[in-house]
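Report on one structure; see the data block that follows.
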Amino acid sequence: VGAVTAYNAYLLVLAGDLRAETLCDGRPCVLLRPRRPPTHFIAELNGGSSTYGGGGLAVGGVLGVGGKLRGFPPIFYLIGEFSFNQAAESGSMPLAGTGYRDDRSFADFAVGVRMYIPIWGPIRLFGDAAVGASYVSANLEQHDGPVITADGWMGLFQFSGGVQVRIFHQLSVGLRLKGVVGNEQAISGLYNLVGETLPVRTMATANLVWHF
C-alpha cells in the first residue's frame, strides 16, 4: 500500500500539484519539484537608444557560455557581442560660426566576461566588461559648405550593467546601460573642426535573453 501511495504522490508531482497533504504510510509526503536541467549558454538581443549627442538607434546581440561555480552564488559567462549604434549632433562651428550636423555610426565587436548576481527569486543583477574594435563612419554636413566624411577602425573598451528577471526557465527580460570608450582617431579631425571632445558613448537598451 505504501508503494502505491508513494507512486500516487509521484504522479501528483508530474501533474504540477505540489501540495504536501498526501500521506505515505500514514505520514505526510515531502513532494519535491522535478529538478530543471542546467543551462550553460545565453543568446541575448538588445534594442534601445544612444544617450549621447542627439541620440540614435542602438541594437545588438550577445552570445555567451559559462555557468555557476559550486558553492559560489555569482554566475560567470564568457561573452562575444556585436552592436550597432548611431548618434547625431548639431551646433555652430566655433570659428566660422556656421551651423553643422554631425552624423556618426559605429559597428562594435567585443569579447569579455559577464557576471550575474542573484538578488531575490528570479531577479538578478549583472555586469560585464569587454575589449574589441569598432568600425566608425561619420559625416559632417556644414551649412553652405561641403560635406566631410571620415571612417576607419578603432580599438574600444566597453562596460555595462543592468537587471534581468527570469520569467521562465529559458527566458529572461531586462534593462541594460552600456558605455564605450574608444580612441576614435579615424574621426578625431571632425571633432576638432566642430570643437567637440571625444565622448564616452552611452546606450540604454531593453534585452531579451534565451538560456539553453
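The values are calculated or read from the model by the stated rules, or taken from the named source; none is laboratory data. Computed from a predicted model, the values in this text were never measured in an experiment. Counting neighbours? That spans all protein chains shown, and the Cβs are built from the backbone with ideal geometry, glycine included. When the accessible area is computed, the model is the full protein with side chains, heavy atoms only, and any ligands, DNA or RNA have been set aside. Shrake-Rupley method; radii C 1.70, N 1.55, O 1.52, S 1.80 Å.
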Using the Karplus equation 6.51 cos²θ - 1.76 cosθ + 1.60 (θ = phi - 60°), what ³J(HN,Hα) coupling, rounded to whole Hz, does each residue of the range 166-178 give in order, writing x for Gly and Pro? 8, 6, 9, 4, 10, 8, 10, 10, x, 10, 9, 10, 10
In nm, give the distance between the simple-model label positions of SER49 and THR98, each being 7 Å from the Cα along the Cα-to-Cβ direction. 3.1
Simple SL model, points at 7 angstrom along Cα→Cβ for GLN170 and VAL59; separation in nm is 2.4
With all protein chains present and a 1.4 Å probe, the order of HIS40, HIS169 from largest accessible area down is HIS40, HIS169
